[in-house]
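One structure is given below, encoded as structure tokens.
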Amino acid sequence: MRSLSYPIILFLLILILGSLGSLFIVSYAKPWQTIFDDYLYDVLSFSLKQAFISSFLSLIIGLLMTRSHIHATNSSLKKFVGKALGLPFILPTMVMIQILLHLFGHNGWFKLPFSMYSESGIIFTHIILNVPFVVFLMRQVWEEIPQEHWRTAKHLGFSSWQFWKIIEWPMVRSYLLHAFVPVFLLCFTSFTPVLILSPTPTQVTLEVAIYQSFMFELDFGNIVGLVLLQLFVGLLILFLFPNLLPFKHEKTSYMVKSVEIVSRAERFFHDSIIYFTLFVLLMMGLALLETTLDANMFEVYFSSEFFMSLIRSTLIACLAGVISTVAAVGLLKCPFIQTMQSYISILPVVIPTVTLGAGLYIFIGRHFPDLSLLFVILINALVGLPFALRLLQGRLHAVHRKYHQRILEIRLTPEQQWKFVEKPLLYPSLKLSFALVTAISFGDLGAIILFSSHENPTLTALMYQYIESLDMQGSACIAFALLVCISALFIFIQNMGGTRAKN
Amino acid sequence: MLKIDQVGFHGYGYPLHYNFEAPSGSLTLISGPSGQGKTTLLSMIAGFINPQGGRIIFNNQVLNNIAINKRPISMLFQDHNLFPHLSVYYNAALGLTSSLKLTPLEKETLEHMASELGILQLLDKYPEELSGGQRQRVALARVLLRKRPLLLLDEPFVGLDQFHIRKALETIEKQREKYNLTILLVSHQYELIEKYADQIIVI
């Protein structure tokens, strides 16, 4: 696998530098003042404004939920809710939006003081999508509080307020920006929620504007302006906060159960938050089930369109999963990449799917229109690569730490080292990486909609077509199918070659 | 008097049993190899772990069902005793009041204790600026400032040189005599502490 490192790096460099180079060449031919017009200003200000409000509110709500998650008493319920909150990581955004529209849309179960098809609706959706991410990040902060601090607090008889002020807040405060920056970038580069819920052509993010320019005008100058702006803001944030992005999660030492700190009244409040979260999650599940059952499922599921989309989705997702996992292993063999790991892990939000797709299209895609599906696979693999790298890196390090001396002693060649030591020990992580990238690719809308939505749709593109034609029941059927497919794929991949994984 | 009456714990997959007495105002040194349940014993007395059977009695009062902060106990842990974002002054002040608002008399008491433990000049510093030994002395100051009749010290001298161990032991001795403290001290520095101990229990 070591021999693969340099060809993979070379290939990625050609793709990235080629795409960026093409953008600059195209932009050079276009006067800058025509690129940066009022429309671009509107798009940029909307992107920044909604991203700031969404991430700020996500952070506040996420913090509240994390604290409730830590201090609530029912541990089995906490465990269940904790796992259920992980669903948005693998569920396609399209499915989540479908559920939210069913719950809070025009004919939804609950009435909101604003329409879902508005700026507030976009912010609301971003909050729902990102709160689980904040909870995931901030839980690590609480887990870093040493057990002795919990014990000291209980021992010294801290009140809830003192515990928050003296122990929790100083820890939380030092990580607030760590959580805010990735959420801000996710909202800033948001594509699917804004594409579906945006009320006017100017109330869109840069990602959606790139897509609109691509689909309706095919004005390269305009696309280049938007892409460069997107890259500039992403890289600026990365440059301003280079040490903020990855969390250093090392220990899980808190013993909340044995030393409950908070008062009974506060515990009741935290329990209520957990029950409310459970209620929302149940409502979401029921909403999806109800629309699917209401719809004419047979008509949707037995159509050739659905069948072909399903095959296309599976093929694209599985190939992207394989490419990403193989590339990640190859890259991890290169020491230079290991040092760049923290930057690579944030790349999907700095260079999001549509931006990457637009760059690739201008670089090579437009010269090979028949290979559109190949580009979709490639983009999905690239987007999934940082996740695969992150998953495999820790395990590979652990294997090296444990067996490095022995490998040197028995003088294994790199090939033997891979075959007899790394591959068998990494097998469970390889499967997980493949499953995760496959799930992410299965739910992708950005790449497929950019390259090949109408002629060769995947399930998500087909679902978007249903939503565009206001057939919400049809789209619910696809959402349900996506949910089943991703769960099945995940379970199948995880159970694949189980004995070998154990060995 | 502290009485550990047939106290048992099975949480680690093997049984642990404790049965001993420590007279009021005595210093009991608990020693033995790692992993034999010395810290577990202190954690049970402090209330962080519930014993599976037996009674913990102090001055004729059964402690088993008393809340952690209501027990007449002050405990020093092996590590992470100090809050990194609080200065030495405030870390020690927590032994007097968790509100961190000290009266002039409390300030004086704190400074006196800091002087006895040789940390007076460190009061404005933060834990990350201290050596391991200095950190333990600050933690010890907090524990002693709480003035609870039963002191549980879990490896209080880790990182301290012989000079500072003796100094800390003298301070502990002084406090013990002054307030008739009953002390359980877990330590591997057997030779240095032996002469201060009224009884030695090897687990």
Exercise for review: Ignore the peptide's own chain and count Cβ atoms of other chains within 10 Å of each Cβ in A:152-162; give me the average, rounded.
Suggested key: 6
Check your understanding: Packing-wise, with mean Cβ within 10 Å as the measure, how do A:172-178, A:116-122, B:89-95, B:8-14 rank, highest first?
Key -> B:89-95, A:116-122, A:172-178, B:8-14
Review point. How high is the relative contact order of segment A:62-186, in percent, counting Cα pairs under 8 Å that sit 6 or more residues apart?
Key: 27
Review point. Taking 0.36 nm per intervening residue step and subtracting the Cα-Cα distance, what contour gain separates A:Asn74 from A:Glu415 on full extension?
Key: 117.8 nm
Check your understanding: Antiparallel DSSP bridges in chain B: what percent, to the nearest 5?
Key -> 40
Check your understanding: Using the Cβ atoms and a cut-off under 15 Å, what net charge is assigned to the surroundings of B:Phe9, where Lys and Arg are +1 and Asp and Glu are -1?
Key -> +1
Exercise for review: Averaged over every viewing direction, what's the projected area of the C-alpha convex hull for segment A:378-446? Give it in nm², one decimal, please.
Suggested key: 5.0
Check your understanding: Which percentage, to the nearest 5, of the DSSP beta bridges contained in the protein assembly as shown is antiparallel?
Key -> 40
Revision key, fill the gap. The alpha-carbon center of segment B:1-34 and that of segment A:353-407 are separated, in whole Å, by 57
Check your understanding: For B:Leu76, which sequence-distant residues (separation of 5 or more, or a different chain) have an amide H within less than 5 Å of its own amide H, given hydrogens modelled in the peptide plane?
Key -> B:Leu152, B:Leu153, B:Asp154
Point to revise | Square roots of five times the Cα gyration tensor eigenvalues for segment A:129-248, Å | key: 43, 15, 9
Review point. Which whole number gives the average, over all residues in B:71-84, of C-beta atoms from other chains lying within 10 Å of the residue C-beta?
Key: 4
Study note, to complete from the structure: Computed ³J(HN,Hα) along segment B:105-116: with the Karplus parameters 6.51/-1.76/1.60, θ = phi - 60°, integer Hz and x for glycine or proline, the list is 5, 5, 4, 5, 4, 4, 5, 5, 5, 4, 5, 5
Practice item. Mind jotting down the distance between the C-alpha centroids of segment A:126-202 and segment A:269-315, whole Å? Key: 28
Study note, to complete from the structure: In nm, the gap between the two label points placed 7 Å beyond Cα toward Cβ at B:Leu105 and A:Phe307 is 9.0
Review point. Which links in B:Lys147/B:Lys174; A:Lys154/B:Lys70; B:Lys70/B:Lys147; A:Lys402/B:Lys38 stretch past 19 Å when you go from one Cα to the other?
Key: A:Lys402/B:Lys38
Check your understanding: Can you give the helix-only mean residue ellipticity at 222 nm for chain B, where every DSSP H stretch with n ≥ 4 adds -39500 (n - 2.57) and the sum goes over all residues, rounded to the nearest 500 deg cm²/dmol?
Key -> -9500 deg cm²/dmol
Check your understanding: Under the definition of partner shielding as Cβ atoms of other protein chains within 10 Å of a residue Cβ, what is the mean value for peptide A:138-151?
Key -> 3
**Study point:** Label point distance in nm, A:Arg406-A:Leu289, each placed 7 Å from Cα along Cα→Cβ
**Key:** 4.9
Practice item. Sum up the charges of everything whose Cβ sits under 13 Å from the Cβ of A:Ser372, counting Lys and Arg as +1 and Asp and Glu as -1, but leave A:Ser372 out. Key: 0
Review point. What does the charge add up to near B:Glu21, with Lys and Arg as +1, Asp and Glu as -1, over the other residues with Cβ less than 14 Å from its Cβ?
Key: 0
Check your understanding: Roughly what percent of Cα-Cα pairs across segment A:439-498 reach past 14 Å?
Key -> 59
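Since every read-out is calculated from the coordinates, none of them should be taken as a lab result. Owing to the predicted nature of the structure, the values given are computational and were not obtained by experimental measurement. Positions of Cβ are generated from backbone atoms using ideal geometry, with glycine treated the same way; all protein chains shown enter the neighbour counts.
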